[in-house]
Structures are given as structure tokens and as C-alpha cells.
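The values are calculated or read from the model by the stated rules, or taken from the named source; none is laboratory data. Predicted model only: the values in this text are computed from it and were never measured. For neighbour counting, all protein chains shown are included, and Cβ atoms are generated from backbone atoms with ideal geometry for every residue, glycine included. Calculation scope for accessible area: heavy atoms of the full protein, side chains included, ligands and nucleic acids excluded. Shrake-Rupley method; radii C 1.70, N 1.55, O 1.52, S 1.80 Å.
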Amino acid sequence: MARLQHAVIAGLAALALAACSTGAGPGTASAPNVAWTPPPDLGAASTRPNEPEGLKPAPHDGAISLAEIIDVALANNPATRTAWLEARAAEASLGSERSAYFPEVDVLASATRSRPAAQGVSASTTIAPSLALTYLLFDFGGRDAQFEQARQTLIAADFAHNAAIQDVVLRVQQTYYTLLDAKALLAAQEATIKERRANLDAAEARHNAGVATIADVLQARTALSQARLTAETIEGNLRTIEGTLSTIMGLPATTRFDIGALPLDIPAQQVSDDVGRLIADAVRQRPELGVARAFAERARARVQEVRTQGLPTINAVASAGQTFINGFDTRTTPFSAGVALRFPLFTGWRNTYDIRRAETEVEIADQDLRGLEQQIGLQVWTSYYALQTATQRLATSRDLLASAQESAEVASGRYRAGVGTIIDLLTAEAALENARALEVQARADWFVAVAQLAHDTGRAEGRGQKAE
């Protein structure tokens, strides 16, 4: 008895030491207006995720094409990698459900030391290893329904991975052309600065010659400062977009590379396909609809599974083993085999309500699918006419640029000839500056509209077009 008491006390002491070693926990702040201080073991280094394998390095020196940018982004972007890992997890779940078609074998073992209460009877040791086999013979399709749910979950995850790829491609294209737009705007603004500097020189020359007032010089100088301020704003925006594109590519925001220039020659032909055909293509090809269809099929399989929960199941069971008493003095070989039937006779109407809920979830999934089809149809409709508008705006902006260029040249000639005012010249050149910006924006918008339509119809692929 004394030994037993000592053992109990030692066990309690060990438990107390283990509890103390876990610490007091992270705790909370001392007051509402005091920030919580994290413990030392929660430093930034301990929470930094490990870099996954297979990341692509930063692009090579020199110009990089849109196709190369998309290739790097698809390999490095966390969205595509997460969607791929989720699909792999769903694949593993499907394998787990497939195991229900195989028998389950367990190894069992027990060792017992016993001493009867009768006087004069010695203690005995019993060792009993055994194998137990269980196999589901029939369950009215419940096992098949569970497997089908896992299969549809995998299909949905694969479609979600495809959707993530298309979304990343669209984000890259949008950011890429936005960056080219900013570069072209900066180049156009530099041309405007050059013209404003020439205007200032002309105004100072006329003032020095006594044929213009100081007001002309001040107005020209103000216009030059405004042009420089606009260029600085565009350049700051350009640096932000560069960081955004690098981040989408899964690279540090500080990564820099040359992406060329916004193309001048654009194949701005009208889309030949009818919008109704494009919507039909989208309904057939968009991976988001594949996800929704898989969810609807999974919900139907769930109904079948719930129905079988109220029906009998038949299992084959078997076991065999050896029992040793006091070593090998006494040995027996017990075994058994049989068929077990389980029938849920009454569950408090639980199965009835479970079936009702599963059937309602099927209707919800069908309505979600229907709503998504309508939403995708609207997206295609909107992007189709956005491309039509972008094509028309491109032609109109180029006409506007040609007119503004001619007007600015006439105003500049008139001012230098002494028959025009500085106001007329600055007004014409302001219109030219705006026309240049509109033409650059129209070119970039056209490429973005093409990318958006390709995405909305489900035609976006994991490769890009060369835009140099």
C-alpha cells in the first residue's frame, strides 16, 4: 500500500510540473487602451512561411514579354499555388473514400496479469494477440454516394484551380497594360514638357525684343511647371504599378525589369463572333460554372447518402488469434466469422429531416448555378460591348490627336509670327496634351478589353501575347 501511495504522489507531481512547464499562456493587455505585447517566442521570424518549391526566379535582364510574365506569375502567385494544393487535398480525400471498398483489418493484442482471490492459487499471465476483419457487403448505395461526393469535390477543386489560373492571367494582363499605359503617358508628357520649354524660350525672346509683355513669360513658365508636375505624378504612379506587377508575379515589390512599350499598331478589328455565341461559349467553358455544377452533383449524391442512413447495412466480420497463458503452458486458438446486420428502426425522425435538408441543399445549389449562369452572361455582354466601345474610342482618339496636333502647330506658328497670343498657344497645346493622353489610354483600354472578354468567355489561357 505504501508503494502505491508513493507512486500516486509521484504521478501527481509529474503532472504539476508538466502544467507549470506550459507557461501562463499569451495573456491579454492590461487595459483597453494598452496594446498587447506578444511574447518573445512569437517573433516575426517564427511566423514567416517557408518558401515553396518550384518558384520561378526573377526575369532575366532586358525586355520581358507578357508571355514570360504570365509564366512566372502562374508558377509563383499564391492564388494559383493555393488552388492547386486544395485540389491535391481533394484528391487525397477521394483516395480516403475509396478505402471503403476494401476490407479493414485490425491487429489487436492484450496482456493481463491476474491473481484470483482464492487462497493458494498462483497468479497467471494471459497474452492474446488477434486479427479482426470487417468488410461492408451492402448498404444500398451509401458508400457509392460518399465516394461520388468526394469525386465531385475533386472536380470542383480542379475547376477552381483553372479559375484561379484565368484570374491571375487577367490580373497580369490588366496590370501589364496599365503599366504600359503609364509609360506611354510619361513619354507623351515629356514631349509636352519639351514643347512648353520651347514656348517659354519663345516668350522670353519676344519679351526681350519688346514685342511681348512679362505676362506671356509668366504664363509660359506656369504652363511648364504644370507639365512637370503632371509628369512627376505619372512617374510616381508608374512606380506603384511596377511594384503591383512584381507582386502579382510572386516576386518582391522591388523587382525591376524592362517590359517594352505600348504598341502603336493595334489590330483593332471588330469581334467577328455574335454575342449570343460568346455567351454560349462562356456557359460551356467558364471554370466557375464547372465548380457550381460539381457542387450541385455533390448535393445530389448527399441526398442518396442520407437516404441510405435509414436503411440496413450488412457487414462481414471475422477474427482469429492466439491466447497464451503463463507463457506457452496453455495455448488456445479462438476464431469467429459471421455476417452482421444493422437496421436503424427508429431515430426520432432524424433521417426524415436530414433528407429534407439535403434535398433543399440540392435546390439551393441549382439556384446558385442558375444565378451564376446569368451573371456570366451579363459579364460577357458587358465585356463584348466594352470592346466595341474601346475600338471606336481608339479611332476617335486618333482623329482627335491629329486635329489637336495640327491646331497646336498653327497656334505655335502664329505666336512666333507675332499674330497670335500666348493664350491661344497654351490653349491649343493643352488640348494636344489631353489628346495624347486620351489616345494612349484608348490603346491600353483596347488591350484590357480584349483580355477581359477572353476571361469572361473562358478563353483565357496560361500564356500571353507578345506586345512589343
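Is at least one residue of the stretch 100-119 assigned to a helix (DSSP H, G or I), in contact with a helix residue (DSSP H, G or I) (Cβ under 6 Å, 6 or more places away or on another chain) and closer than 30 Å to N315 by Cβ?
Scanning the stretch 100-119 turns up at least one residue that is assigned to a helix (DSSP H, G or I), in contact with a helix residue (DSSP H, G or I) (Cβ under 6 Å, 6 or more places away or on another chain) and closer than 30 Å to N315 by Cβ.
Identify, please: which residue in the stretch 131-151 is among the hydrophobic types (A, V, I, L, M, F, W, C) and open to solvent by 30 Å² or more (accessible area, probe 1.4 Å) and is, among those, farthest from A318 (Cα to Cα)? Out of the qualifying residues, it is F147.
Among the residues of the stretch 314-348, write down those that are within 24 Å of A132 (Cβ to Cβ), without any contact (Cβ under 8 Å) to a residue 12 or more places away in the chain and either open to solvent by 80 Å² or more (accessible area, probe 1.4 Å) or out of contact with any Phe, Trp or Tyr (no Cβ under 9 Å at 6 or more places or on another chain) (or both). Step through it out loud before you land on a result.
Step one: of the stretch 314-348, the residues within 24 Å of A132 (Cβ to Cβ) are 314-325, 328, 330-344.
After this cut, where a residue has to be without any contact (Cβ under 8 Å) to a residue 12 or more places away in the chain as well, the list is 328, 330-332.
Matches in the stretch 314-348: F328, R331.
Matching residues to (1) of a type in the set (A, V, I, L, M); (2) at pLDDT 90 or above; (3) closer than 26 Å to N76 by Cβ; (4) open to solvent by 20 Å² or more (accessible area, probe 1.4 Å):
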{"site": "G243", "(1), (2), (3), (4)": "no, yes, yes, no"}
{"site": "T247", "(1), (2), (3), (4)": "no, yes, yes, yes"}
{"site": "F257", "(1), (2), (3), (4)": "no, no, yes, yes"}
{"site": "L262", "(1), (2), (3), (4)": "yes, yes, yes, no"}
{"site": "I266", "(1), (2), (3), (4)": "yes, no, no, yes"}
{"site": "A282", "(1), (2), (3), (4)": "yes, yes, no, no"}
{"site": "R298", "(1), (2), (3), (4)": "no, yes, no, yes"}
{"site": "R307", "(1), (2), (3), (4)": "no, yes, no, yes"}
{"site": "P312", "(1), (2), (3), (4)": "no, yes, no, yes"}
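Residue pairs whose Cβ atoms lie under 7 Å apart, sitting 6 or more positions apart in sequence or on different chains, and linking a residue in the stretch 171-182 that is over 12 Å from R443 (Cβ atoms) to a partner that is assigned to a helix (DSSP H, G or I) and of a type outside the set (A, V, I, L, M), are T175/T244; L179/E242; A182/N237.
Yes/no per residue for (1) at pLDDT 95 or above; (2) among the charged types (D, E, K, R):
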residue: V172; (1), (2): yes, no
residue: T178; (1), (2): yes, no
residue: R196; (1), (2): no, yes
residue: N199; (1), (2): no, no
residue: E204; (1), (2): no, yes
residue: V211; (1), (2): no, no
residue: D216; (1), (2): no, yes
residue: S225; (1), (2): yes, no
residue: R228; (1), (2): yes, yes
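Among residues of the stretch 217-231 that are farther than 12 Å from Q189 by Cβ, those with a beta-carbon under 6 Å from a residue that is β-branched (V, I, T) and buried (at least 19 other Cβ atoms within 10 Å of the Cβ) at least six positions away or on a different chain give the pairs Q219/I422.
Out of everything in the stretch 98-130 that is open to solvent by less than 60 Å² (accessible area, probe 1.4 Å) and in contact (Cβ under 8 Å) with a residue 24 or more places away in the chain, what residue ends up being farthest from V291 (Cα to Cα)? Among those residues, the one meeting the criterion is S124. Among the conditions (1) in contact with a Pro (Cβ under 8 Å, 6 or more places away or on another chain); (2) at positive phi, the only one that A160 does not satisfy is (2). Applying a threshold of 8 Å to beta carbon distances and a minimum spacing of six or more residues, or different chains, the list of pairs starting in the stretch 47-74 at a residue that is in a loop (DSSP other than H, G, I, E, B) and at pLDDT below 85 and ending at one that is of a type outside the set (G, A, S) and exposed (fewer than 14 other Cβ atoms within 10 Å of the Cβ) reads G62/D258.
Being open to solvent by less than 50 Å² (accessible area, probe 1.4 Å), closer than 30 Å to R298 by Cβ and within 28 Å of the chain's Cα centre (by Cα) is true of A365.
Among the listed residues A184, A191, A145, A150, identify the single one that is under 22 Å from A449 (Cα atoms), assigned to a helix (DSSP H, G or I) and more than 16 Å from the chain's Cα centre (by Cα).
A184
Search the stretch 411-468 for residues being at pLDDT 90 or above and part of a loop (DSSP other than H, G, I, E, B), and hand back the single one that is nearest to L186 (Cα to Cα). If we take residues in the stretch 411-468 being at pLDDT 90 or above and part of a loop (DSSP other than H, G, I, E, B), then T421 is nearest to L186 (Cα to Cα). What residue, among those in the stretch 401-448 that are in contact (Cβ under 8 Å) with a residue 24 or more places away in the chain and basic (K, R), is most open to solvent (accessible area, probe 1.4 Å)? In this case the residue turns out to be R416.
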